[in-house]
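Colleague: Quick one: structure below, then a few questions.
The values are calculated or read from the model by the stated rules, or taken from the named source; none is laboratory data. Note that this is a predicted model, so its numbers are computed, not measured. Neighbour counts run over all protein chains shown; Cβ positions are idealised from the backbone, glycine included.
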Amino acid sequence: MPSRRIAREQALQALYSITVGHRDPNDVLIESVGAEAPSEHRAFVRDLVLGTLDHTEEADAAIAPLLQGWTLERMPTLDRLILRMANYEIRHEGTPPAVVMDESVELAKKFSTEDSGRYVNGVLAALVRTDATKA
């Protein structure tokens, strides 16, 4: 079975294709994961993609106040998508925040800019602290 890291990479690539290419999420999911992947893997990717899309406004409202010197619109698209997906996974999938933060930093390092890993880590750390103070 493919790893959760691969699933997150596929979900990020799907989100990018949907966002930048203005493509239908279901078409992109079929293309990015394929029918031959195990059902648990397909379900996780699907949950990440559709959950991130469904909770975009919630994620933006949580993330925007934490951006130091940036706005959501100005930041790299991949960073924005990584942060939205991380917000969804932490708040709705029940994945431990430390795992999501580590995976998100790795995604940023692999797919985005040179500084994105540190930036994503800082924003997610602030998000987790904010959530902890609300609990």
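Colleague: Restricting to the range 76-135, give me the number of residues that are within 12 Å of residue 48 (Cβ to Cβ), out of contact with any helix residue (DSSP H, G or I) (no Cβ under 6 Å at 6 or more places or on another chain) and without any contact (Cβ under 8 Å) to a residue 40 or more places away in the chain.
Modeller: Result for the range 76-135: 0.
Colleague: Determine which single condition residue 23 fails, assuming it passes every other condition in (1) closer than 24 Å to residue 131 by Cα; (2) at pLDDT 95 or above.
Modeller: (1)
Colleague: Still on this structure, please answer the following. Would you confirm, using the coordinates I've provided, whether residue 66 is in contact (Cβ under 8 Å) with a residue 60 or more places away in the chain and either surrounded by fewer than 16 Cβ atoms within 10 Å (Cβ to Cβ) or under 12 Å from the mean Cα position of the chain (by Cα) (or both)? Can you show your working first?
Modeller: Details: in contact (Cβ under 8 Å) with a residue 60 or more places away in the chain: yes; either surrounded by fewer than 16 Cβ atoms within 10 Å (Cβ to Cβ) or under 12 Å from the mean Cα position of the chain (by Cα) (or both): no.
It is false that residue 66 is in contact (Cβ under 8 Å) with a residue 60 or more places away in the chain and either surrounded by fewer than 16 Cβ atoms within 10 Å (Cβ to Cβ) or under 12 Å from the mean Cα position of the chain (by Cα) (or both).
Colleague: Next up: Out of the residues in the range 15-41 that are in contact with a Ser or Thr (Cβ under 7 Å, 6 or more places away or on another chain) and of a type in the set (Val, Ile, Thr), state the one that is nearest to residue 81 (Cα to Cα).
Modeller: So, considering only residues that are in contact with a Ser or Thr (Cβ under 7 Å, 6 or more places away or on another chain) and of a type in the set (Val, Ile, Thr), the one nearest to residue 81 (Cα to Cα) is 19.
Colleague: Moving to a separate point now. Scan (1) farther than 17 Å from residue 15 by Cα; (2) without any contact (Cβ under 8 Å) to a residue 24 or more places away in the chain for the single condition residue 72 breaks and write down its number.
Modeller: (1)
Colleague: Against the definition (among the β-branched types (Val, Ile, Thr) and touching a Phe, Trp or Tyr at 6+ places or on another chain (Cβ under 7 Å)), how does residue 95 come out, yes or no?
Modeller: Working: among the β-branched types (Val, Ile, Thr): yes; touching a Phe, Trp or Tyr at 6+ places or on another chain (Cβ under 7 Å): no.
No: the conditions fail for residue 95.
Colleague: Looking at 62, 43, which is the one that is out of contact with any strand residue (DSSP E or B) (no Cβ under 7 Å at 6 or more places or on another chain) and closer than 22 Å to residue 7 by Cα? Spell out the reasoning first.
Modeller: Numbers: 62 fails: closer than 22 Å to residue 7 by Cα.
Answer to the selection: 43.
Colleague: Identify all residues within the range 67-94 that are modelled with pLDDT of 95 or more and among the aliphatic types (A, V, I, L, M); write none if there are none.
Modeller: Of everything in the range 67-94, those that are modelled with pLDDT of 95 or more and among the aliphatic types (A, V, I, L, M) turn out to be 78, 81, 82, 83, 85, 86, 90.
Colleague: Tell me, please, whether a residue that is of a type outside the set (Asp, Glu) and farther than 23 Å from residue 125 by Cα can be found in the range 48-63.
Modeller: Going through the range 48-63, the residues of a type outside the set (Asp, Glu) turn out to be 48-53, 55-56, 59, 61-63.
Add one more test, that the residue is farther than 23 Å from residue 125 by Cα, and what stays is 50.
Among the residues of the range 48-63, at least one is of a type outside the set (Asp, Glu) and farther than 23 Å from residue 125 by Cα, which makes the answer yes.
Colleague: Taking the residues in the range 96-111 that are farther than 13 Å from residue 131 by Cβ and not aliphatic (A, V, I, L, M) as candidates, determine which candidate is surrounded by the most Cβ atoms within 10 Å (Cβ to Cβ).
Modeller: 104
Colleague: Then there's this: Hey, could you check the range 26-53 for residues that are in contact with a His (Cβ under 9 Å, 6 or more places away or on another chain) and modelled with pLDDT of 95 or more and say which is surrounded by the fewest Cβ atoms within 10 Å (Cβ to Cβ)?
Modeller: We begin by selecting, within the range 26-53, every residue in contact with a His (Cβ under 9 Å, 6 or more places away or on another chain); these are 33, 47, 51.
Checking the rest, the ones that are also modelled with pLDDT of 95 or more come to 47, 51.
On the way: 47: 16, 51: 20.
Out of the qualifying residues, it is 47.
Colleague: Out of curiosity, is residue 73 loosely packed, with under 13 Cβ neighbours inside 10 Å and farther than 20 Å from residue 93 by Cβ? Before you say what the answer is, go through the steps one by one.
Modeller: Working: loosely packed, with under 13 Cβ neighbours inside 10 Å: yes; farther than 20 Å from residue 93 by Cβ: yes.
Spelling it out, residue 73 is indeed loosely packed, with under 13 Cβ neighbours inside 10 Å and farther than 20 Å from residue 93 by Cβ.
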